[in-house]
1. I need a count of the residues in region 70-105 that are buried (at least 22 other Cβ atoms within 10 Å of the Cβ) and either in contact with a helix residue (DSSP H, G or I) (Cβ under 6 Å, 6 or more places away or on another chain) or of a type in the set (Asp, Glu) (or both).
2. List, please: which pairs have Cβ atoms under 7 Å, are six or more places apart or on different chains, and start with a residue in region 249-261 that is closer than 14 Å to Asn218 by Cα and end with one that is hydrophobic (A, V, I, L, M, F, W, C)?
3. Working only within region 41-69, note down all residues that are more than 26 Å from Trp153 (Cα to Cα) and without any contact (Cβ under 8 Å) to a residue 40 or more places away in the chain.
4. Considering only region 56-63, I want to know if a residue exists there that is part of a loop (DSSP other than H, G, I, E, B), modelled with pLDDT under 95 and over 17 Å from the mean Cα position of the chain (by Cα).
5. Taking region 347-379 on its own, how many of its residues are of a type in the set (Val, Ile, Thr) and either more than 28 Å from Tyr60 (Cα to Cα) or assigned by TED's automatic domain parsing to the domain that holds Phe212 (or both)?
6. Could you name every one of the helices (runs of 4 or more DSSP H) located completely within region 285-384 that has at least 3 residues being buried (at least 20 other Cβ atoms within 10 Å of the Cβ)?
7. Return the only residue of Thr113, Thr90 being more than 20 Å from Leu37 (Cβ to Cβ), hydroxyl-bearing (Ser, Thr, Tyr) and either part of a loop (DSSP other than H, G, I, E, B) or touching a strand residue (DSSP E or B) at 6+ places or on another chain (Cβ under 6 Å) (or both).
8. Look through region 19-69, keep the residues that are over 24 Å from Tyr329 (Cβ atoms) and among the acidic types (Asp, Glu), and return whichever of them is surrounded by the most Cβ atoms within 10 Å (Cβ to Cβ).
Amino acid sequence: MYKFNVPDYTKDNIVNLMSSISNSFWKTHDYNQLKYLKDDDLMWFDNIVLIVVDGLGYNYLKTQKESFLYKNSHTKLSTTFLSTTACANTVFQVWYPPQQHWLTGRTMNLKETGWITKILPFTLRSWGNTLSENNFNINEIIDIESYHKGFNWDCFTIVSEEKEKRDFIKYVWKETKIIGTKKYQDSFWVLKKLINKKSKKRRYIHVYMDEFDSIQHNHGVDTKNTNTLFNDIDIEVKKLSESIQGTNTKLIIVSDHGLLNVPKKSEIWVENISGFEECLTVQITGEPRVRDCFVRPRKVKDFEKIISTQMSEYCWCFKWEELIKNNFYWLWIANKKLYDRVWDYVLIMKDNYVLKDHNDHSEKSSHGAFSDEEMYVPLIQIDC
């Protein structure tokens, strides 16, 4: 139907992984379990540890065949649409996909505020003020119930101190004990100490590391800087697994998305597209690889002509209702707020093109669309 592969949300997906984990703690999940790792395989472990390495794509891992992580990888999983942190990493936090959590990209036009917002830091796009500082309560904008609520188990979250302070993090992980760390190496030390501490209850521990994503944005995929950081993370995981042997722990290492390199020639800037900005009611939102466009009603025909004559080589263009109807954001009943977040037209970039405006800066790599590099992440399992 499409010239790209929309993930099969009924199997082999990160949401199916979360369903398996959920059911292993006897909390029923609406989505199918992962066939490679079911609740029966998990419920016998005293500690279930989910380590999310932001930006660790399956295609990248395949280039590191001598690594400890690659040798313990079992298969690949597809991620969400969009294949980006706001959409996919939120799955690991609230256990459900964008169809239910309604986050549709790094930046969104929140009609509750009247501003374009960076949703994860909960700040305005154009400057650093948080919405909380402007008297907006995140509880009145986000209506996702904490999935950890009702767990009769101990739940922990290990995350950087910077992210620990974010309103969004406090909201989605409010039913867990949040432990902030200064750097990712500290996360392994905290994790080792926590696992080796005896507990009468089973424990679910979520660890989030974003450094690998950041270094690829800044330096590119499969570069010296990126490989050096990967090797260090690989060593830390190996040391951790050795130090917790005999604790009846299941380590699951996964990611939210991968990245692909974006050369300068693949950057398209909206100000260079004749007539494009004049068609919009507000600035483009979403991600450089997938853009939401809010089009003036009287400019619809002009917009469609501009896309067909100037942009068809670089992107596919869809009306928002087609994406929801055809399960791009996943299955079941959509959160009513999803209809407010996906606006008139959605541009999905082809090949390794990105679409940017004056609010963006150049990056060596990007993610969000449907290439294999972006869409597939590894499932790594280690029994300790």
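The values are calculated or read from the model by the stated rules, or taken from the named source; none is laboratory data. This one's a predicted model, so the numbers in the text were calculated from it and none came from an experiment. Glycine also receives a Cβ, built like all others from the backbone with ideal geometry; neighbour counts cover every protein chain displayed.
1. Matching residues across region 70-105 total 17.
2. Within 7 Å, the pairs are Leu259/Val221; Leu260/Val221; Asn261/Val221.
3. Within region 41-69, Lys62, Lys65, Glu66 meet the criteria.
4. Quick first cut of region 56-63, residues part of a loop (DSSP other than H, G, I, E, B) only: 56-57, 62-63.
Remaining after also requiring modelled with pLDDT under 95: none.
No: region 56-63 contains no residue that is part of a loop (DSSP other than H, G, I, E, B), modelled with pLDDT under 95 and over 17 Å from the mean Cα position of the chain (by Cα).
5. Residues of region 347-379 of a type in the set (Val, Ile, Thr): 348, 354, 377.
Narrowing further to those that are either more than 28 Å from Tyr60 (Cα to Cα) or assigned by TED's automatic domain parsing to the domain that holds Phe212 (or both): 377.
Looking only at that region, the number is 1.
6. Numbers: elements: 300-306, 320-325, 338-341, 372-375.
Here the list reads 372-375.
7. Numbers: Thr90 fails: either part of a loop (DSSP other than H, G, I, E, B) or touching a strand residue (DSSP E or B) at 6+ places or on another chain (Cβ under 6 Å) (or both).
Unique residue meeting the criteria: Thr113.
8. Only one residue tops the list, namely Asp39.
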